[in-house]
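Accompanying notes for the structure given below.
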Amino acid sequence: MERISDVIETVTSNLNIEVSLLKDGLRDEEVNEIIGKIRTLCDNPNQPQELNIEDLAQIFTYKKGQEKPAIEEERPALGMAALSVGGGFERHLNVQIPFTDVRIEKILKESKQLSPKEHNMIILDISKVPGNLKEWYESIKKILQSDKHRRIGAVLLVQKTLTVKLLKINIKWIMHPNPSNPLPREFIQLTNDHFKQSPEYYYRSF
């Protein structure tokens, strides 16, 4: 995503660029192809433009004031935004890559490092990842339905929302249906009580 975002420095027009990657683990030649296509679309004076690279990426370019194209997004996803201002131009670029069940599975596989004799919990902070608690909950719940990852007693999802003067925190538990060592009920209750008592934090900006 960083390499693709850097292309914004070569754009010499006021444009918004949306890049939706259709897979991860891109090879160098695939990244170079995407960057080349972005440059070609940006050089076209007729906007908006749209290009689908089969099984690789969707690219959209449009000028300020033009309607943002409808993008078929796979959620949840990892995203990166870039802004470049200079030379009389303002360019915006957003690139995202699907955060699929396969990626979640890779995270949960790290549970093999956990002790089978202990109470284990994984905490995932999804605040900076597009998507919502429900989508993440359903994906993780589906994975834990199998008899894998039994060392994980539960997964705690945390999502923080930042406003001008307020930080809101939402959580959601996913319990393993057949863990090696379930989390103590008292611990779960204490955690729930903590977030119920402190779901919001006010602060002052300086």
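For residue 3, are the conditions met, namely being surrounded by 13 or more Cβ atoms within 10 Å (Cβ to Cβ), on the phi < 0 side of the Ramachandran plot and of a type in the set (Lys, Arg)?
Numbers: surrounded by 13 or more Cβ atoms within 10 Å (Cβ to Cβ): yes; on the phi < 0 side of the Ramachandran plot: yes; of a type in the set (Lys, Arg): yes.
For residue 3, the condition - surrounded by 13 or more Cβ atoms within 10 Å (Cβ to Cβ), on the phi < 0 side of the Ramachandran plot and of a type in the set (Lys, Arg) - is met.
Take the residues in the range 150-167 that are closer than 22 Å to residue 138 by Cβ, under 22 Å from the mean Cα position of the chain (by Cα) and of a type in the set (Val, Ile, Thr), then tell me which one is modelled with the highest pLDDT.
The qualifying residue modelled with the highest pLDDT is 155.
Could you say which residue among 139, 205, 198 is of a type outside the set (A, V, I, L, M, F, W, C), modelled with pLDDT under 90 and surrounded by 12 or more Cβ atoms within 10 Å (Cβ to Cβ)? Working first, answer last.
Working: 205 fails: surrounded by 12 or more Cβ atoms within 10 Å (Cβ to Cβ); 198 fails: surrounded by 12 or more Cβ atoms within 10 Å (Cβ to Cβ).
That would be 139, the only listed residue that is of a type outside the set (A, V, I, L, M, F, W, C), modelled with pLDDT under 90 and surrounded by 12 or more Cβ atoms within 10 Å (Cβ to Cβ).
Can you say whether residue 52 is more than 29 Å from residue 136 (Cα to Cα) and among the polar types (S, T, N, Q), as far as the supplied structure shows? Before you say what the answer is, go through the steps one by one.
On the way: more than 29 Å from residue 136 (Cα to Cα): no; among the polar types (S, T, N, Q): yes.
So residue 52 fails the test.
From (1) hydrophobic (A, V, I, L, M, F, W, C); (2) within 22 Å of the chain's Cα centre (by Cα); (3) surrounded by 20 or more Cβ atoms within 10 Å (Cβ to Cβ), pick out the condition that doesn't hold for residue 42.
Single failed check for residue 42: (2).
Test of understanding: among 53, 38, which residue is free of Cβ contacts under 8 Å to residues at least 60 places away in the same chain, of a type in the set (A, V, I, L, M) and closer than 17 Å to residue 90 by Cα?
On the way: 53 fails: closer than 17 Å to residue 90 by Cα.
Testing whether each residue is free of Cβ contacts under 8 Å to residues at least 60 places away in the same chain, of a type in the set (A, V, I, L, M) and closer than 17 Å to residue 90 by Cα leaves just 38.
Restricting to the range 149-200, what's the tally of residues that are touching a residue at least 24 places away in the same chain (Cβ under 8 Å), closer than 13 Å to residue 121 by Cβ and in a helix (DSSP H, G or I)?
Final tally of qualifying residues: 3.
Go through the residues of the range 68-75 one by one and say whether even a single one is more than 30 Å from residue 157 (Cβ to Cβ) and over 22 Å from the mean Cα position of the chain (by Cα). So that I can check it myself, show each step before the final result.
First, pick out the residues of the range 68-75 that are more than 30 Å from residue 157 (Cβ to Cβ): 69.
Restricting the remaining residues to those that are over 22 Å from the mean Cα position of the chain (by Cα) gives none.
Within the range 68-75 (the criterion being more than 30 Å from residue 157 (Cβ to Cβ) and over 22 Å from the mean Cα position of the chain (by Cα)), the answer is no, since none of the residues qualifies.
The values are calculated or read from the model by the stated rules, or taken from the named source; none is laboratory data. Worth saying up front: this structure is predicted, and the values here are computed from it rather than measured. As a convention, Cβ positions derive from the backbone with ideal geometry for all residues, glycine included, and neighbour counts pool all protein chains shown.
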